[in-house]
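Reviewing the structure listed below.
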Amino acid sequence: MKKSERIAAMFITAGGVWIMFYAWHTLKLGSIQVPDAGLMPFLAGAGLSILGIAWAWISRGKDERPRRFFEPGIWSRPVFSVALMVIYALAFENIGYITSTLAFMVAWQKLIEKERWGKTIAISILAAAAMYALFVYFLKVPIPPELFLR
Amino acid sequence: MKHLRKVSLFLTLALVVTLTVGGLCFGAEQYPTKPIQAIVPFSPGGSSDLLARTIEKIWPKYSPQPMVVINKPGAGGVLGEEYVVRSKPDGYTIYIGQGSGHDLVMPHLQKMPFDPLKDIAPVARISIHSIVICVSGKSPLKSMKDVVDFANKGNKVTAAVSTAAGSVDLVMRAISKRANIPITTVPFAGGADSTTALAGGHLAIGGGHPSEVLPHIKAGRFRPIGVALDHRDATLPNVPTLKEQGINVATWGSVKGVAAPLGTPPEVIEYLSSTLKKVCQDTEFKKIMTQIGQPIDYLNTKDWAAFMQMAYKDYGDLIKELGIKL
Amino acid sequence: MEIFSGLLNGFSIALTGTNILFAFIGALIGTAVGVLPGLGPAATIALLLPITYIISSPVTAIIMMAGIFYGSMYGGSTTSILLNLPGEAASVVTCIDGYQMAKKGRAGAALGISAIGSFIAGTVAVIGLTLFAPPLAEFALDFGPPEYFALTTLGLLLAVTLSGRSIVKGLILLVFGLLFAMVGLDPISGKIRFTFGSIGLQGGFDFVTMAMGVFGLGEILYNLETTIKTEIVTTKIGKVFPTLKDWADSKWAILRGSAIGFFIGIIPGGGAVISSLASYAIEKKYSKHPEEFGEGAIQGVAGPESANNAASSSSFIPLLTLGIPGNAAIAMIFAALMIQGITPGPFLVVEHPDVFWGVIASMYLGNGMLLVLNLPLVGLWVQMLRVPYGILAPVIVLFTTIGVYSVQNQVFDIYSMLFFAVIGYGMRKLDFDPAPLPLAFVLGPMVERSLRQSLLISGGDPAIFVTRPISGTLIAIFVLLIAGQCILSIKRKMGRKKKSVNP
């Protein structure tokens, strides 16, 4: 874990340096008396650079119980669910709310939770219906219409 | 067999005719047939929002379908207007608040995702209100002349303005140039924010719309010392214009109109424009508009489009003269 | 005593059938709105504004809208405690200990004490409003840019100290929060920052999007790492209501929180957030067991919850007495009053005493109604925790997705939320406590803006911050706190050295 923290810390420092450059070059710093748009970002970037180094410093040394950042078998579920959520977002406006929600729930139940088909379908329909009732019917939130209804 | 075919042919024809006639009837049904969405590209409570909601209140008196105000704030008004620009031109999405800073001022200063003059169809102008210059009630300054004297004695004049390069900011900078005194403009997060700061006496002068400053004037916390308009503002008849006081600054103030997506059928625009005219003549509407400090100044579609072009050019000239860049 | 007669008059108005009904409707809607992500009290009041045109009496309309506003403060704590989902900035602090309590099976106690504390705080604040409104409002006006800078910087300092374990990590998140808040339009210079040409980013990130992503989804992603199907609560759910001991532990926290919230809430702007932060920090300092904070200390819930409810009540003061709205929801109520022909300000109490006193009287009632509404619901909410996580997690995803979408109808916001979800996940893996991020996100813009405004006013002279009485005092507190922390940690290090020298 400490190794991953050090790596992350280096990313942070690098990011901080990049922000400092962006602030200085694109946003312009102004002066201490009359700060321009870039002054605070510059300071923030400088802060990040220093803090990144500080973080790497306090994470020095070996772990008592080494843990890998991307432990095999375990990190696949969060990554997979992010992928599912991205697909859901893509489908949201293109396929329509109800369809994409149902598809998302089914995919989640089957692929991440490895549920049985019966339970999956029941839960998916119930959840989609509840969301629809709450947000669309009661709150009149405008939602993208279904593809096959257009 | 032949008989059956004849019957089915006849039935089919009858069905087609009915549907066509029926469809024509539906098509010929008068606009509007469902509620009209009025997009306000600013946060609730602001002057454009207040205007829209006042229209929303009176509109059902003159139209079979209601108007529904929807706020879409963001990027100083650009996001909401863009939404309307890209909406279907069927007359059910309109934009209230056309003519504000992002339409007339911003295009001169930065790249916009659309052209506010070409990519949208103006419908009508509803009101113009001026920028009122005020000082804190505790201030010893009583007129613009006092401000100029104050500055010439070497004192710092700080001015509270609603946003950077907004309408108030432009007026302040114009005063600074034309009266030849240095003014430091301090931007805030909107009109309410800047008038609150002025009320606390933290700055020398400030500017705002009548709807923002009237409550403070009434409470004695503000003293109005000038309006940046060609003629006196109807809601503040006792306040002289800047020109009267020898400072040659007059802008178009804050103009507010209605627009629809490009391509909206002319009958729809005509309907909207004439109904809005009726709303502007309604007594209750007039009463509320006076209450919120927004003078009514209706202009029809053609004149409004011409006005926008003129105001846009004037602001462009002013910005060039003041040398404002972002 | 004309205050007394005014209040009596107010009660006679507030206690009519219609007004009681609308106060209840407002409280109900407000609670629901507080629980739902995305839809905030400001947006809800905006949606319901047309109803005020139909209701003939303006008092009734304002009573309902006020009910929605402070009702949402009650509801906001529910998702914070149960799901670690803060509905708005003022609820972030509640998540810290509230969610820990829920994980230990003490959700009922947390929710219960939160409701009770909110009731007491709300009532205390309304009493304060009744008695002290005008002079306090004038005090609020004295807060100009230098004072805001001092106050919000103090808030940032408090936000960092909450991070408990590692100051370095807390500071990193603080800076990130500041940076995220800088995305979009810079109000002082008019320039657009960090958007890289994206139109969707021009408006900047929305707090709800970030909070849902970092807290809600980030937590889900992290929990997905364990393959065992568990529920949120791993231990048996204990008593549903707070015990007498809980009450005894919390009563001072509630009272202190009420006072803090009442005074800081008057200041237009970040009142509720800063008061919840201040309350948490003070409770931690005064506690005999400060190490409990962050692990489920009930004072860490009772104090901030009371503070933000008191703040929401006292934010009416600038509106009713000065005509200055302090936040977006109050601005909507301001708009509604204006359209009804009522100009809020010092003359409100003279010109429209029924509006003034009617609204204040109904706030007493409203608080009572909200207590009655929320307490029985506690049992219901707690049952939600028993839903297996395999079902609860994707439902939370659905919930937050459409909640975020409902704010601006842009799918882009969903992507932003996912971006923050990944960040939240990474943060948890790397052992970061997420709280400073949203707090810096909210306070950061105020710090930057007021700093630059102050420098513009003073012409670049930094002395403006210390020469003015209020900001000078706040800066002094800031310096003292930092100095105190440094001295303490130096002492500790010396003590350790001594121990290792003398066996």
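From the list A:Met20, A:Met10, A:Met40, which one is part of a helix (DSSP H, G or I), more than 10 Å from chain C (Cβ to nearest Cβ) and buried (at least 16 other Cβ atoms within 10 Å of the Cβ)?
One residue alone meets the criteria, A:Met20.
If a residue must be among the aliphatic types (A, V, I, L, M) and exposed (fewer than 14 other Cβ atoms within 10 Å of the Cβ), how many such residues does the stretch A:83-95 contain?
Qualifying residue count for the region: 2.
Exactly one of (1) away from chain B (no Cβ under 14 Å); (2) crowded, with 23+ Cβ neighbours inside 10 Å is unmet by C:Thr152. Its number?
Of the numbered conditions (1) away from chain B (no Cβ under 14 Å); (2) crowded, with 23+ Cβ neighbours inside 10 Å, the odd one out for C:Thr152 is (1).
Restricting to the stretch C:155-188, name every residue that is polar (S, T, N, Q) and at the interface with chain A (Cβ under 10 Å from one of its Cβ atoms).
C:Ser166
Of (1) modelled with pLDDT of 85 or more; (2) crowded, with 20+ Cβ neighbours inside 10 Å; (3) in contact with a helix residue (DSSP H, G or I) (Cβ under 8 Å, 6 or more places away or on another chain), B:Asn71 satisfies all except one. Which?
Tallying (1) modelled with pLDDT of 85 or more; (2) crowded, with 20+ Cβ neighbours inside 10 Å; (3) in contact with a helix residue (DSSP H, G or I) (Cβ under 8 Å, 6 or more places away or on another chain), B:Asn71 fails exactly one: (1).
Which one is surrounded by the most Cβ atoms within 10 Å (Cβ to Cβ), of the residues in the stretch C:431-461 that are within 8 Å of another protein chain (Cβ to nearest Cβ) and either in contact with a helix residue (DSSP H, G or I) (Cβ under 6 Å, 6 or more places away or on another chain) or closer than 17 Å to C:Leu151 by Cβ (or both)?
C:Gln453
Hey, which of the helices (runs of 4 or more DSSP H) in the stretch C:346-419, taking only ones fully inside, have at least 2 residues that are at pLDDT below 85 and more than 14 Å from chain A (Cβ to nearest Cβ)?
C:348-351, C:353-384
Where residues in the stretch A:96-125 are buried (at least 18 other Cβ atoms within 10 Å of the Cβ) and more than 12 Å from every other protein chain (Cβ to nearest Cβ), which of them is modelled with the lowest pLDDT?
A:Gly96
Being basic (Lys, Arg) and at pLDDT 90 or above narrows it down to one residue among B:Lys278, B:Lys243, B:Lys218; which is it?
Result: B:Lys278 is the single residue among B:Lys278, B:Lys243, B:Lys218 that is basic (Lys, Arg) and at pLDDT 90 or above.
Quick one: which residue in C:Thr52, C:Thr44, C:Thr31 is more than 23 Å from B:Lys72 (Cβ to Cβ), touching a residue at least 24 places away in the same chain (Cβ under 8 Å) and not basic (Lys, Arg)?
Every option except C:Thr31 fails the conditions.
Could you tell me which residue of the stretch A:23-37 is surrounded by the most Cβ atoms within 10 Å (Cβ to Cβ), considering only residues that are of a type in the set (A, V, I, L, M) and within 8 Å of chain C (Cβ to nearest Cβ)?
A:Ala37
Tell me which helices (runs of 4 or more DSSP H) are completely within the stretch C:106-217 and hold 3 or more residues being closer than 27 Å to C:Pro346 by Cβ and free of Cβ contacts under 8 Å to residues at least 24 places away in the same chain, or say none if there are none.
Per the criteria, C:107-141.
Restricting the stretch B:98-128 to residues that are within 14 Å of chain C (Cβ to nearest Cβ) and under 17 Å from the mean Cα position of the chain (by Cα), which is modelled with the lowest pLDDT?
B:Gly101
Hey, among the residues in the stretch B:160-184 that are within 15 Å of C:Ser189 (Cα to Cα) and outside any loop (DSSP other than H, G, I, E, B), which one's nearest to the other protein chains (Cβ to nearest Cβ)?
Among residues in the stretch B:160-184 that are within 15 Å of C:Ser189 (Cα to Cα) and outside any loop (DSSP other than H, G, I, E, B), the one nearest to the other protein chains (Cβ to nearest Cβ) is B:Thr184.
Quick check on my filter: what residues within the stretch B:313-323 are surrounded by 12 or more Cβ atoms within 10 Å (Cβ to Cβ) and under 15 Å from B:Ala165 (Cβ atoms)?
Passing the criteria: B:Tyr315, B:Gly316, B:Leu318, B:Ile319, B:Glu321, B:Leu322.
Any idea which of C:Pro304, C:Pro353, C:Pro325 is more than 24 Å from C:Leu47 (Cα to Cα), touching a residue at least 40 places away in the same chain (Cβ under 8 Å) and touching a Phe, Trp or Tyr at 6+ places or on another chain (Cβ under 6 Å)?
When all the criteria are applied, what remains is C:Pro304.
Matching residues to (1) modelled with pLDDT of 85 or more; (2) of a type in the set (A, V, I, L, M):
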{"site": "C:Gly87", "(1), (2)": "no, no"}
{"site": "C:Ala90", "(1), (2)": "no, yes"}
{"site": "C:Gly112", "(1), (2)": "yes, no"}
{"site": "C:Ala125", "(1), (2)": "yes, yes"}
{"site": "C:Pro134", "(1), (2)": "no, no"}
{"site": "C:Leu156", "(1), (2)": "yes, yes"}
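Filter the stretch B:189-208 down to the residues that are more than 7 Å from every other protein chain (Cβ to nearest Cβ), assigned to a loop (DSSP other than H, G, I, E, B) and not aliphatic (A, V, I, L, M) and list them by number.
Listed by number, the residues that qualify are B:Gly190, B:Gly201.
Considering the stretch B:253-278 alone, what residues qualify as being among the hydrophobic types (A, V, I, L, M, F, W, C) and farther than 19 Å from B:Phe307 by Cβ?
B:Val268, the sole residue that qualifies.
Output the number of the condition that C:Leu320 fails; it satisfies all remaining conditions of (1) of a type in the set (A, V, I, L, M); (2) within 14 Å of chain B (Cβ to nearest Cβ); (3) over 19 Å from C:Gly265 (Cα atoms); (4) surrounded by 20 or more Cβ atoms within 10 Å (Cβ to Cβ).
(3)
Out of all the residues in the stretch C:365-410, which are hydroxyl-bearing (Ser, Thr, Tyr) and surrounded by fewer than 22 Cβ atoms within 10 Å (Cβ to Cβ)?
Residue satisfying the conditions is C:Tyr389 alone.
The values are calculated or read from the model by the stated rules, or taken from the named source; none is laboratory data. As the structure is a prediction and not an experimental result, all values here were calculated from the model. Here Cβ is always computed from backbone atoms with ideal geometry, including for glycine, and neighbour counts include all displayed protein chains.
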